[in-house]
Amino acid sequence: MSTKKPLVVVTRKLPDVVETRMKELFETRLNVDDRPMSQAELAAAVAEADVLVPTVTDRIDRSVISQAGPQLKLIANFGTGVDNIDLDTATNRGIIVTNTPGVLTEDTADMTMALILAIPRRLVEGAQYLKEKASEWQGWSPTWMLGHRIYGKRLGIIGMGHIGQAVARRAKAFGLQIHYHNRRRVAPEIEEELEATYWDSLDQMLARMDIISVNCPHTPATYHLLSARRLKLLKPTAYIVNTARGEVIDENALARLIETGAIAGAGLDVFEHEPAVNPKLLKSDRVVVLPHMGSATLEGRIDMGEKVIINIKTFLDGHAPPDRVHPAMF
Ligand code: 8YV
């Protein structure tokens, strides 16, 4: 009987405790330098691996999957969003795909709330001013650095899944009125708890909100959901926050509309062509940009690693891994 342990290839550096545990359990190939892998390197990895552990920075497309050896049976994504993986091709080849839902909900909602507060109150602008020009500061002034009140404003959440609901809970505590658009209306108890108003029509919701928060996954159906046409429906005083995926917003149109004053500002943690960021967005004082930090807590990343390990271990023990993206996979 062969005692060879299954080969698990991890594409990026993970927290030490996660890597240590993986090495104990599996034959694990790590990426200690954390250099993103090229398409050719990913193809070479799947030719050998029994399990691949990719992240959002790896494009596991049809071409990569078609070069997988017959031994590759599981892609255990380190991340909740799976738009980096061609799910149809994986399913057709009998490869199970898992993700890490739940464990990054609260961290991502915190970062969303931070952006919701940061833009109207000009947090980053103020902080940067003092860092760069402390010697020029004349002291407090009644009309300087004025932002806009958050309390009492209308927040429109696009995508009322776990993260959307966690954002709504926080926002409600800050006195925002909660509105949402989702494929399906959420359960009445949740609407009641959040005092949330459902909008079947995204267009109508957009035209009436003060702040929009994007919390839906990127799928073919949500690509450019906030198109140029829809962005033009927003009030010129409205702000947009996106901690989901850049592809949900037409980034060029957003940059243009902010530049011309048709939209008041944006807080963006994700971008359409990551790691590239539209220069207009980088330049604007009315845009707060973060380098995809929504789930960036040590606790969150360890929890994500734990989920990845449970999915792999369960699968290798012959059971259905808990976080299958399509439950029918297995
Ligand atoms: C992750 C994310 O860090 O989980 C997600 O969908 O967007 C991020 O917070 C990233 O995807 C890791 O693969």
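Just so you know, all these numbers are worked out from the coordinates, no wet-lab data involved. Everything quoted here is computed from the prediction, not taken from an experiment. Because the Cβ atoms are built from the backbone with ideal geometry, glycine has one as well, and the counts that use them run over all protein chains shown.
For this structure, a couple of remarks:
- Rounded FRET efficiency, nearest 0.05, which uses the C-beta distance separating LYS5 from GLN39 and R0 of 35 Å: 0.80
- Each residue, ASP88 and LEU233, gets one label point 7 Å from its Cα in the Cβ direction; the gap between the two is 2.7 nm.
- For the stretch 206-330, a Kirkwood hydrodynamic radius built from all Cα pairs, placed in the Stokes-Einstein relation at 25 °C and 0.890 mPa s, yields a translational diffusion coefficient of 150 µm²/s.
- Distance between the pseudo-spin-label points of MET145 and ASP203 (7 Å out from Cα toward the beta carbon): 4.2 nm.
- Three principal axis extents describe the C-alpha atoms of the stretch 200-274; from largest down they are 29, 27, 18 Å.
- Which of GLY94, ALA207, PRO217, positive extreme of dipole for the chain (C-beta unit charges): ALA207
- Rg and Dmax of the chain, Cα atoms only, in Å: 21.7, 79
- Gained length - ARG62 relative to TYR129, 0.36 nm times residue gap less alpha-carbon distance: 19.4 nm
- Helix-only [θ]222 nm of the chain, DSSP H runs n ≥ 4, -39500 (n - 2.57) each, per residue, nearest 500: -10000 deg cm²/dmol
- Rg and Dmax of the stretch 65-138, based on Cα coordinates, read 21.9, 69 Å.
- Selection of chymotrypsin sites (Phe, Trp or Tyr not before Pro), the stretch 219-305, meeting DSSP coil and at most 16 other Cβ within 10 Å: TYR223
- For the stretch 122-189, the ratio of Cα radius of gyration to the globular rule of thumb 2.2 N^0.38 Å stands at 1.64.
- 3J(HN,Hα) from dihedral phi, the stretch 70-76, Karplus parametrisation 6.51/-1.76/1.60, rounded to Hz, x for glycine, proline: x, 6, 6, 10, 9, 10, 9
- Using bins of 5 Å that start at zero, the share of Cα-Cα pairs per bin across the stretch 105-289 amounts to 1, 8, 17, 21, 21, 15, 8, 5, 2, 1, 0, in whole %.
- Estimated D of the stretch 225-265 in µm² per second, where Rh is the Kirkwood radius over Cα pairs and Stokes-Einstein applies at 20 °C, 1.002 mPa s: 213 µm²/s
- Two-site FRET efficiency, ARG121 against VAL17, from Cβ-Cβ distance with R₀ of 25 Å, rounded to 0.05: 0.10
- A Förster radius of 35 Å combined with the Cβ-Cβ distance from GLN138 to SER284 puts the calculated FRET efficiency at roughly 0.90.
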